[in-house]
1. Outside any strand (DSSP E or B), more than 11 Å from the ligand (Cβ to nearest atom), under 17 Å from the mean Cα position of the chain (by Cα) and of a type in the set (A, V, I, L, M, F, W, C): does that describe Ala90?
2. Taking the stretch 93-126, which residues are more than 16 Å from the ligand (Cβ to nearest atom) and either part of a loop (DSSP other than H, G, I, E, B) or among the small types (Gly, Ala, Ser) (or both)?
3. When residues of the stretch 69-87 are filtered for being under 18 Å from Lys108 (Cβ atoms) and either free of Cβ contacts under 8 Å to residues at least 40 places away in the same chain or not in a loop (DSSP other than H, G, I, E, B) (or both), how many remain?
4. Could you please find all residues in the stretch 1-32 being assigned to a helix (DSSP H, G or I) and crowded, with 17+ Cβ neighbours inside 10 Å?
5. For the stretch 1-47, enumerate the residues that are β-branched (Val, Ile, Thr) and in contact with a strand residue (DSSP E or B) (Cβ under 9 Å, 6 or more places away or on another chain).
6. When both residues are 6+ apart or on different chains and their Cβ atoms are under 6 Å apart, which pairs have a first residue that lies in the stretch 5-31 and is farther than 12 Å from Leu56 by Cβ and basic (Lys, Arg), and a second that is at pLDDT 95 or above and outside any loop (DSSP other than H, G, I, E, B)?
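The values are calculated or read from the model by the stated rules, or taken from the named source; none is laboratory data. Quantities reported herein were computed from a predicted structural model and do not represent experimental measurements. With ideal geometry, Cβ positions are generated from the backbone for all residues, glycine too; neighbour counts draw on all protein chains shown.
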Amino acid sequence: MIGKLNHIAIAVPNLDEAVHLYRDVLGAQVSAEEDLPEHGVTTVFVELGNTKLELLQALGDNSPIAKFMAANPAGGIHHFCLEVDDINTAMQTAKQNNLRVLGDGKAKTGAHDKPVIFIHPKDTLGCLVEFEQV
Ligand code: CO
């Protein structure tokens, strides 16, 4: 069902400083900032050629990464994203195998305007996993 690693997401306390590190110090190509109010984050993507890093900063008072940031004030790896051909198949497979889909159980539109779902990390070896339809 799963395909390529689409990205690894790193939650950061300060997006400007994170962009400075990856763009100016490490010399990577970094996208423009994008606010995703539906996900409670502001994101940029760092292009690595074979995959990407997604740098996340909390957006708004009820950001889903607020708890993570409280536990990891310096930042940390938050989730990784695997590509799937069909988000509905991914959803069905998850539900049939007791992998909890976060949120209201419906796919949301992710940072690339593609449908995504997240699986509860307790059901996926302690890692928050995002599936993105490509
Ligand atoms: Co992501």
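1. yes
2. Ala94, Asn97, Asn98, Leu99, Arg100, Asp104, Gly105, Lys106, Leu125, Gly126
3. Of the residues in the stretch 69-87, 8 are under 18 Å from Lys108 (Cβ atoms) and either free of Cβ contacts under 8 Å to residues at least 40 places away in the same chain or not in a loop (DSSP other than H, G, I, E, B) (or both).
4. Those that are assigned to a helix (DSSP H, G or I) and crowded, with 17+ Cβ neighbours inside 10 Å: Leu15, Ala18, Val19, Tyr22.
5. Scanning the stretch 1-47 gives Ile2, Ile8, Ile10, Val12, Val19, Val30, Val41, Thr42, Thr43, Val44, Val46.
6. Short answer, once both residue conditions are applied: Arg23/Val30.
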